[in-house]
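Input: a single structure, listed below in structure tokens.
The values are calculated or read from the model by the stated rules, or taken from the named source; none is laboratory data. Owing to the predicted nature of the structure, the values given are computational and were not obtained by experimental measurement. Please note: Cβ atoms are built from the backbone with ideal geometry, for glycine as well, and neighbour counts cover all protein chains shown.
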Amino acid sequence: MILDGKIVRDKILDEIKEKIKREDLKIKLAIILVGDNEASKIYIKNKEKYCDYVGIETIKYTFTNNTPESEVIELIKKLNNDISVTGIILQSPVPHQIDFDKVSNLIDSNKDVDGFTKDNIYNLYLGKETILPCTVKGIIKLLEAYNFSLEGKDIVIIGRGNIVGHPLSLALQNKNATVTVLHTYTKDLEKYTKEADILISAAGCAHLVKDYMVKNNSIVIDVGVSRIDGKIIGDVDFDKVKDKVFAITPNPGGIGPMTVAMIIDNLVELKERSKNG
Ligand code: NAD
């Protein structure tokens with residue numbers, strides 16, 4: 001079975017579009033771009049496109065490469081205090097004079113679309129309700145969309161990065177899965193991957209996962225992205241692995257579309273928090 005992130009994304013977006021219309025929700029996303037990173041511009045265009053589709057207003061603030069950190073901080077403070085703004089994204093990467101961790105953490109946790117502020121990560125650590133990082137939420141929502149339960153499952157994650165592997169391991173434990181995290185210092189990946197009911201690879205290492213490393217009839221989620229000769233290559237050797245497993249995500253076309261959909265989903269969650277808070 002192919003776990004199609006585009007189909008699930010479109011369904012989620014259509015449901016949100018309907019909800020925004022039905023409840024007449026006024027949602028506004030502020031996007032801050034510092035510098036002229038070409039990939040960032042493409043990511044932002046994509047975010048704007050989907051916001052526009054569901055009826056979310058976007059406002060973009062563009063700064064030049066040599067903008068001082070203080071100017072970006074000033075803007076974040078202003079947006080935190082603006083009640084018409086539901087969510088704020090500081091697009092990564094930022095130029096060297098800006099400390100991304102410090103500045104992005106100044107975003108009000110109730111406007112933190114990416115789920116990376118200390119308050120939201122701390123709540124994730126405590127197993128409390130939180131705004132989940134978009135890729136983490138996208139992986140869980142994709143599995144749920146296909147009715148796979150996580151409770152009691154042996155889940156193996158390759159990668160312990162701050163964007164995917166690490167927060168994902170916490171989120172899945174909060175869903176009562178038994179989670180094993182592998183990384184570059186793991187002596188024998190195969191020893192663990194072969195035992196996984198669900199294997200999630202977030203390493204960014206092209207075709208790291210081979211068919212002999214997965215369990216028959218398991219579920220394989222490919223998050224990692226490597227760009228080789230302008231082409232996106234996933235962590236999983238899809239063509240060989242797909243015949244051995246019960247379900248697998250394509251890459252591209254699996255977790256990427258889900259990540260974008262979760263930006264929209266988090267914005268709606270933030271809006272609901274602001275109404276109840
Ligand atoms: P990261 O670089 O912070 O972490 C990578 C992790 O993988 C590290 O913990 C490292 O130890 C581990 N690793 C790398 N090579 C390995 C190997 N050969 N064997 C075992 N472990 C290995 O990355 P990140 O920011 O957490 O992102 C992970 C991957 O997911 C990247 O490829 C990134 O591009 C991709 N990503 C995809 C999406 C999406 O929407 N599809 C979103 C976010 C990130």
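Taking region 144-169 on its own, how many of its residues are under 14 Å from the mean Cα position of the chain (by Cα) and either in contact (Cβ under 8 Å) with a residue 60 or more places away in the chain or not in a loop (DSSP other than H, G, I, E, B) (or both)? Spell out how you get there, then give the answer.
Restricting attention to region 144-169, the residues satisfying the condition of being under 14 Å from the mean Cα position of the chain (by Cα) are 161-169.
Subset that is either in contact (Cβ under 8 Å) with a residue 60 or more places away in the chain or not in a loop (DSSP other than H, G, I, E, B) (or both): 165-169.
Number satisfying all stated conditions: 5.
Is it true that some residue in region 243-262 is without any contact (Cβ under 8 Å) to a residue 12 or more places away in the chain, within 16 Å of the ligand (Cβ to nearest atom) and assigned by TED's automatic domain parsing to the domain that holds Leu143? Within region 243-262, none of the residues are without any contact (Cβ under 8 Å) to a residue 12 or more places away in the chain, within 16 Å of the ligand (Cβ to nearest atom) and assigned by TED's automatic domain parsing to the domain that holds Leu143. Annotation: of all residues in region 195-221 being over 12 Å from Ile157 (Cβ atoms) and in contact with a Phe, Trp or Tyr (Cβ under 8 Å, 6 or more places away or on another chain), the one that is nearest to the ligand (Cβ to nearest atom) is Ile219. Residues that are at pLDDT 95 or above, under 28 Å from Ile233 (Cα atoms), more than 14 Å from the ligand (Cβ to nearest atom) and touching a Phe, Trp or Tyr at 6+ places or on another chain (Cβ under 9 Å): does region 171-194 have at least one? Checked region 171-194: at least one residue is at pLDDT 95 or above, under 28 Å from Ile233 (Cα atoms), more than 14 Å from the ligand (Cβ to nearest atom) and touching a Phe, Trp or Tyr at 6+ places or on another chain (Cβ under 9 Å).
Filtered by the rule that a residue be in contact with a strand residue (DSSP E or B) (Cβ under 6 Å, 6 or more places away or on another chain), among the β-branched types (Val, Ile, Thr) and within 17 Å of Val136 (Cα to Cα), region 151-206 gives Ile155, Val156, Ile157, Ile158, Thr178, Val179, Thr180, Val181, Ile198, Ile200.
Scanning region 21-41 for residues that are more than 22 Å from Leu79 (Cα to Cα) and part of a helix (DSSP H, G or I) returns Lys21, Arg22, Glu38, Ala39. Of all the listed residues (Gly55, Gly5, Gly35), the sole one being among the small types (Gly, Ala, Ser) and closer than 30 Å to Phe148 by Cβ is Gly5. Here is the figure for region 187-208: residues that are touching a residue at least 24 places away in the same chain (Cβ under 8 Å) and either assigned to a loop (DSSP other than H, G, I, E, B) or of a type in the set (A, V, I, L, M) (or both) total 14.
Here is a yes/no grid of residues against (1) of a type outside the set (D, E, K, R); (2) out of contact with any Gly (no Cβ under 9 Å at 6 or more places or on another chain):
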| residue | (1), (2) |
| --- | --- |
| Val136 | yes, no |
| Leu150 | yes, yes |
| His166 | yes, no |
| Leu189 | yes, yes |
| Tyr192 | yes, yes |
| Ser201 | yes, no |
| Asp235 | no, no |
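Taking the listed residues Asn147, Asn65, the one that is at positive phi, surrounded by fewer than 17 Cβ atoms within 10 Å (Cβ to Cβ) and modelled with pLDDT of 95 or more is Asn147, with no other qualifying.
Go through region 218-243 and give me each residue that's in contact with a strand residue (DSSP E or B) (Cβ under 9 Å, 6 or more places away or on another chain) and assigned to a loop (DSSP other than H, G, I, E, B).
To start, the set of residues in region 218-243 that are in contact with a strand residue (DSSP E or B) (Cβ under 9 Å, 6 or more places away or on another chain) comprises 218-227, 232-238, 241-242.
Residues satisfying the conditions are Ser218, Val223, Gly224, Val225, Gly234, Asp235, Asp237, Lys242.
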